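A short write-up of the structure that comes next.
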Amino acid sequence: MIVLDIPITPIRNFFNKYVFWLITITLTIFSIFYFLNYYFNGLGLAYNDARSHLDIGRRVVESLKPGLAQLGSVWLPLTHLLMVPTVWNDFMWHSGLAGAIQSMAGFVAAGLLIYKILEKLRVGTLGRLVGVAVFVANLNVLYLQSTAMTELPLLATMTAGCYYLIKWHQTDNILDVIKSAFWIMLSSLIRYDGWFLFLAAAGLIFVRQLKKNGYKTAEGAMILFATLAGFGIALWFLWNQLIFKDALYFALGPFSARAQQIQLSNAGNLPSKYNLFLSTKIYLYALFYNSYTLPVFLALAGLAVLLWDRRLHFDLRLSTLSLLTPLVFNIIAMFFGFSVLFVQGISGDTWFNIRYGIMLAPAVAVFIGILIDRVKSLRPVIIGLLAFVLFFAFANQDAVTIDDARVGSSQKNVSEVASYLAKNAADQPGFILISVASHDAIIFSSGLPISRFIHEGTGAYWTAATTAPDRWARWIIMRTYDDNDLAWKFVSKSPGFRFYSLVNHYPFADVYEIDPSLVGQLHTEPVFKNQK
């Protein structure tokens, strides 16, 4: 019998030396493959919000009133600003790649950060790789990283902020506090989840320094952290004050989440408001659907193991709880009625915002990695169970985020209206009056240039067209008799509206067209220059 003497040590050394790059390449391949997969099967733009995000970025560079003011007041601006260098290109805009490229980068970065966090927690190579694999093998993560949604950029920046916070608890290097503050500041300009992480991280820094070095040092460390980490939040208040004359416009204005939730509450569709049990239950179900039930319970076991692990300093173990801030934030937001999340069969009869549960995906991956490392006797069982669950998730294409995008309340079937415009307006002169607050997806899906549309963000055009539509709009898109649609709210009171006929009625919006004899009196080219 011939025995091959294969040198294991050089292979192991090579792997240990280049493992970070090998993971980077693997994650990049997965990212590109799944973007192409969802692009070619038409699911990459299924979320209405994905199309709206792309439209916001596009309006900065192309509209009747282009400029930074098109960033608006409700959705935080960073992801839209990052689109600007590419979204001017029609392919990058309509393929969704102008936004998806950020999600793809966030996916790769989050996977690498999971590996680095586990390394700081003294987890061996196997545990680190399993943790990364749990994150990568989540179809909900793979789908969202293929879209122009904000979840993956947020996951990357928040996880980076947590990583440097954990590292600081280990090294005491003030540069790690500054790095953590920088990444948390970026997360606070992507979604409001980052604002809660800012508060949690500031609290952790203050408590640790107070216990270790006294009040003066704690006060100084927290001020240093808060000055940088809170800079984005301060800028957002300033932006709303300068552009909308109200620093709280994003929170209290007519387009805010609060205004939408008030409508839902008045209609009896916000059962989680002031109901802590139901708010908690709904978010936990969203977590189970996004990360699958067994991995979540294994992660819970891993968290318990970590908290009882005396080999790690208590402060270091405590710092890992920063990964759980999305859990607390989302429950609080639902409890106070600032957020809505529907889980089919529990709240509502459809899906809505179910993707919020994905925010704990890095935490689930990290805690499972810890469990694998610390409970050595059960490694084969745990890995086998994970492989079983994830295999069938892939085999059944079990991704609740896709269901939400395709058939839940997060999607809006605007194909009829968009197709009508593409067929009837593409080769005909004239502006289209529409409310972007209600119908942004129609603008995107029509394929027409954004400069063809008069909407709330077009300044003098909107004022003139809602006052005298028969001088400006050849077509009007709106929901008849719905005052929540601002086009209907203003135009229906205008004397000029009598010159329009309802040419098509669709489930989501109606199409009105001006009397053909009046087409000649319409403005068909931009006339207001240098609007402020």
In nanometres, what is the gap between the two model label sites at F20 and N396, each 7 Å from Cα along Cα-to-Cβ? 3.9 nm
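Just list whichever of K116/K167; K116/K216; K65/K529; K412/K493; K116/K179 have alpha carbons separated by over 20 Å in the model shown.
Violating the 20 Å Cα-Cα cut-off are K116/K216; K412/K493.
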What size of dipole, in debye to the nearest 20, comes out for the chain about its Cα centre when the only charges are +1 on Lys and Arg C-beta atoms and -1 on Asp and Glu C-beta atoms? 1560 debye
Working out 0.36 nm times the residue gap between F231 and L248, then minus their Cα-Cα distance, what length gain in nm do you get to one decimal? 4.5 nm
Considering only the other residues whose Cβ falls under 15 Å of the Cβ of Y143, what net charge follows from Lys and Arg at +1 and Asp and Glu at -1? -3
Note on the chain: alpha-carbon gyration tensor, axes a ≥ b ≥ c; rule is a/c under 1.5 for rounded, else prolate if a/b larger than b/c, else oblate; result prolate
If you filter segment 414-523 for chymotrypsin sites (Phe, Trp or Tyr not before Pro), then keep DSSP loop positions with at most 10 other Cβ within 10 Å, what is left? Y481
Dividing the helical contributions, -39500 (n - 2.57) per DSSP H run of n ≥ 4, by the residues of the chain yields a 222 nm value, nearest 500 deg cm²/dmol, of -19500 deg cm²/dmol
Between L81 and S419, Cβ-based FRET efficiency (R0 22 Å, step 0.05) works out to 0.10
What is the spin-label model distance, in nm, from L199 to V527 if the labels are put 7 Å beyond Cα along the C-beta direction? 5.0 nm
Of the trypsin sites (Lys or Arg not before Pro) in segment 127-205, which ones lie in a loop per DSSP and count no more than 10 other C-beta atoms within 10 Å? none
Student exercise, segment 415-521 dipole from Lys, Arg, Asp, Glu Cβ charges, in Debye to nearest 20: 200 debye
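Quick note: the coordinates plus some simple rules give every number you see, no bench work behind them. Note that the structure is predicted; figures quoted are calculated from it, not measured. We place every Cβ from the backbone using ideal geometry, glycine too, and count neighbours over all the protein chains shown.
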